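Enquirer: Next up is a structure, given as structure tokens.
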Amino acid sequence: MKNYLLLCGGVGGAKLALGFKNTLSEENLAIVVNTGDDFTHLNLKICPDLDTVMYTLSGESDVSKGWGRKDETWNMLSALANMDGETWFQLGDKDLATHIQRTKLIKSGNSLSEATMKLCHSFNLPQYIFPMSDEPVETYIQTENRLLSFQEYFVKLKCEPPVTDFVFKGLDKAKFNKDIDLSSFDEIIICPSNPYVSINPMLQLSSLQNHLKKFPEKVTVISPIVNSKSLKGPTAKMMLELGHEISVNTIGEFYKNYSQRIFIDNADKENSDFLAGVGYEVHHSNLVMNNTLSKNKLAENIIKVLEAK
Ligand code: FO1
């Protein structure tokens with residue numbers, strides 16, 4: 001069996017990561033997760049994408065929301081609301097424990113990678129979830145009037161302001177996770193996550209970017225756009241605001257310097273010729289993952305193609 005590295009954002013990427021987890025043995029899998037959405041809120045270090053992947057892989061996620069924990073209670077949040085506290089970013093009681101523990105681990109000298117490993121251990125997960133970097137990279141959304149921090153844009157303003165650009169702060173000091181030896185992976189999968197705010201922060205880290213550009217034959221993109229719609233979140237809305245067509249063609253153009261293989265949904269077959277013209281080997285599958293079976297099936301289809309290479 002080959003070794004697989006997944007590059008993953010939050011909700012959409014986590015679904016495919018679960019399919020890979022259910023299909024591969026743990027020594028063949030590593031998942032590098034976006035940390036550009038991380039922020040400090042109520043003095044707590046919050047890493048939404050790491051949490052989403054950790055909860056999803058451990059069977060602890062709230063599947064209907066995509067983020068947060070299942071069987072959650074909200075006592076802290078309603079007590080905070082009664083005090084006119086800050087409640088726009090919803091923290092459930094069980095989820096809060098994760099942020100308290102992570103903040104404590106980091107304040108007592110652990111790196112984000114070490115804190116992630118310890119948290120994953122408490123969810124009975126092996127060590128295959130890694131933050132993209134131990135140094136902070138912060139994603140900002142440029143809108144017509146203001147530069148918004150990511151969570152302010154995403155949660156507080158519900159992705160409403162039109163986007164004109166993205167800014168990633170901290171890149172001068174940030175390095176790709178040193179625990180990941182890129183040369184040890186046979187295949188690299190770009191999960192169906194938002195290319196602009198979930199995958200692009202990682203691509204800005206030079207050692208990862210250089211590796212993908214050097215070995216694009218090892219890199220497979222899974223489209224987050226299906227039938228001219230985002231599988232999840234604001235990808236399609238952002239595409240439109242940036243002046244691009246909402247289509248798998250735009251995904252293909254975005255990753256063309258990093259990858260030579262793309263999986264698109266059966267509904268987008270008519271775009272295959274365009275993508276082949278851009279230089280991709282094009283594969284078709286059902287990319288809509290609305291239950292465990294479809295998550296596993298997609299992972300199996302991708303692995304089957306890549307094992308046969
Ligand atoms: N997303 C929301 O839309 N509203 C929330 O109140 C919210 C709270 C939250 C708390 C912890 C956590 O780990 C994630 C949370 N998310 C929330 C999701 C998250 O902010 C976004 O889905 C990602 O940043 C985008 O990938």
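Read the figures in this text as sums done on the coordinates, not as results from a lab. Being a predicted model, the structure only gives us computed values, none of them experimental. Counting neighbours? That spans all protein chains shown, and the Cβs are built from the backbone with ideal geometry, glycine included.
Enquirer: What 222 nm value per residue comes from the helices of the chain, counting each DSSP H run with n ≥ 4 as -39,500 (n - 2.57) and dividing by all residues, nearest 500 deg cm²/dmol?
Expert: Computed ellipticity for the chain at 222 nm equals -10000 deg cm²/dmol.
Enquirer: Here is a further query. Loop-only check: which chymotrypsin sites (Phe, Trp or Tyr not before Pro) in the stretch 50-126 are DSSP coil with at most 10 other Cβ within 10 angstrom?
Expert: Values: sites: Tyr55, Trp67, Trp74, Trp88, Phe89, Phe123; in loops: Trp67, Trp74, Trp88, Phe89, Phe123.
Here the chymotrypsin sites (Phe, Trp or Tyr not before Pro) that fit, given the DSSP loop and packing criteria, are Trp88.
Enquirer: To make sure I understand, if each residue's beta carbon is the centre and we count other beta carbons within 10 Å, what order do Met132, Met239 fall in, fewest to most?
Expert: Going from least to most buried by this count: Met239, Met132.
Enquirer: Between 0 and 90 degrees, rounded to the nearest ten: what's the tilt of helix 11-23 against the longest Cα principal axis of the chain?
Expert: 70 degrees
Enquirer: Compute the Cα gyration tensor for the stretch 265-309, then decide on rounded, prolate or oblate, letting a ≥ b ≥ c be the square roots of its eigenvalues: rounded whenever a/c is under 1.5, prolate when a/b is larger than b/c in the other cases, and oblate in all that remain.
Expert: Cα axes put the stretch 265-309 in the oblate bin.
Enquirer: For the chain, what Kirkwood radius comes out of the mean inverse Cα-Cα distance, in Å?
Expert: Numbers: mean 1/r = 0.0508 Å⁻¹.
Answer for the chain: a Kirkwood hydrodynamic radius of 19.7 Å.
Enquirer: Which whole-number percent gives the relative contact order of the stretch 135-286, counting Cα pairs below 8 Å spaced six or more residues apart?
Expert: Reported as a whole number, the value is 19 percent.
Enquirer: Could you tell me which of the pairs Lys229/Lys297; Lys229/Lys256; Lys158/Lys232; Lys218/Lys309; Lys2/Lys218 are separated by over 18 angstrom between their Cα atoms in the structure shown?
Expert: Lys229/Lys297; Lys229/Lys256
Enquirer: Mind pulling the angle between the C-alpha long axis of helix 48-57 and the longest principal axis of the chain? Nearest 10 degrees, somewhere in 0 to 90.
Expert: The two axes meet at around 70 degrees.
Enquirer: What's the angle, to the nearest 10 degrees (0 to 90), between helix 112-122's Cα axis and the longest principal axis of the chain?
Expert: Between helix and principal axis, roughly 80 degrees.
Enquirer: Could you state the per residue volume, in Å³, of the convex hull enclosing the Cα atoms of the stretch 36-162?
Expert: About 121 Å³ per residue, rounded to a whole number.
Enquirer: Let me ask another. Please label the shape of the stretch 113-264 as rounded, prolate or oblate, based on the square roots a ≥ b ≥ c of the eigenvalues of the alpha-carbon gyration tensor (a/c under 1.5 means rounded; beyond that, a/b larger than b/c means prolate, else oblate).
Expert: oblate
Enquirer: What are the ³J(HN,Hα) couplings of the stretch 240-257, residue after residue, when phi is run through the Karplus curve with 6.51, -1.76, 1.60 and θ = phi - 60°? Round to Hz, x for glycine and proline.
Expert: Residue by residue, the stretch 240-257 yields 4, 5, 8, x, 9, 6, 7, 6, 5, 4, 5, 4, x, 4, 4, 9, 5, 7 Hz.
Enquirer: Residue separation times 0.36 nm, minus the C-alpha to C-alpha distance between Glu217 and Asp84: what's the value?
Expert: 42.5 nm
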